[in-house]
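A.B. asks: Once you've had a glance at the structure underneath, I'll fire off some questions.
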Amino acid sequence: MSAPTQFKQRLAAELSAMATAPAPAPAPAPATRAPARRLRLPLAVATVATAAAAAVVVPTLTGSGGSPAYAVTKKDDGSLILHLNRPEGLPGLQQQLKKMGVRAAALEGDENCPTGAPPHAPWATAGYALTFPSDPGKAVIHPDLIPDDTVRSDGRRVAGATLLIVAEFGKDNATKSVSFRLVSQVPKCSVPGIGGGPDAHA
């Protein structure tokens, strides 16, 4: 028998044996599901923890000592007790008063304001929209004494006034004084000590 014939016979026998041999068992699939569950759980817990932290954020700003930078409390008679402790409370105070439907603006007094004190609105003497107790950072706002837009009997529209609150702070950022003025237009700046009302009984 020639060598090529023997090679062909051996090859045919090996191919036949391979065709009749049982197929090898499939390799087990990598265990990916259990680890995936373990990875998702911490992610879900982290998401819940983040939501819980966001839910406890409060609008008032706090600083050293934990006292709020501002606070507004509504009394039964509709007046509002204002506490202003530090300059960083001014933006939040203004937003809070707007949410409560009070037409007001709050500025930090600037001795170098080029326009000085803003002019009074025509009805500035109609009443004291802000009164003061003895505490320099405390005031009582009377929203009903801030004139709204009105339409006169002749049909002319008269613009209302805005309560401008100007606060002055010391070197330690503590409130030295709060003054106010009813204005027709809110200025970009104002000198401190622009006026005020009588002592409040709050």
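The values are calculated or read from the model by the stated rules, or taken from the named source; none is laboratory data. Just so we're clear, the structure is a prediction, and the values are computed from it rather than from any experiment. Note that we place each Cβ from the backbone using ideal geometry, even for glycine, and neighbour counts take in every protein chain shown. Heavy atoms of the whole protein, side chains included, go into the accessibility calculation; ligands, DNA and RNA do not. Shrake-Rupley method; radii C 1.70, N 1.55, O 1.52, S 1.80 Å.
A.B. asks: If you go through the range 116-153 one residue at a time, how many are part of a loop (DSSP other than H, G, I, E, B), open to solvent by less than 90 Å² (accessible area, probe 1.4 Å) and modelled with pLDDT of 80 or more? Step through it out loud before you land on a result.
C.D. replies: First pass over the range 116-153, keeping only residues part of a loop (DSSP other than H, G, I, E, B): 116-123, 127-129, 133-137, 142, 146-149, 152-153.
Okay, now just the ones that are also open to solvent by less than 90 Å² (accessible area, probe 1.4 Å), so 116-118, 121, 123, 127, 129, 133, 135-137, 142, 146-147, 149.
Among the residues that remain, those that are also modelled with pLDDT of 80 or more are: 116-118, 121, 129, 142, 146-147, 149.
Residues in the range 116-153 being part of a loop (DSSP other than H, G, I, E, B), open to solvent by less than 90 Å² (accessible area, probe 1.4 Å) and modelled with pLDDT of 80 or more: 9 in total.
A.B. asks: Any idea which of (1) farther than 25 Å from TYR70 by Cβ; (2) hydrophobic (A, V, I, L, M, F, W, C); (3) touching a His at 6+ places or on another chain (Cβ under 9 Å) is the one ALA159 doesn't satisfy?
C.D. replies: (3)
A.B. asks: Here is a follow-up. Of the conditions (1) at pLDDT 95 or above; (2) part of a loop (DSSP other than H, G, I, E, B), ALA23 clears all except one; give me its number.
C.D. replies: (1)
A.B. asks: Tell me, yes or no, whether the range 151-166 has at least one residue that is closer than 14 Å to GLY195 by Cβ and touching a Ser or Thr at 6+ places or on another chain (Cβ under 6 Å).
C.D. replies: Checked the range 151-166: at least one residue is closer than 14 Å to GLY195 by Cβ and touching a Ser or Thr at 6+ places or on another chain (Cβ under 6 Å).
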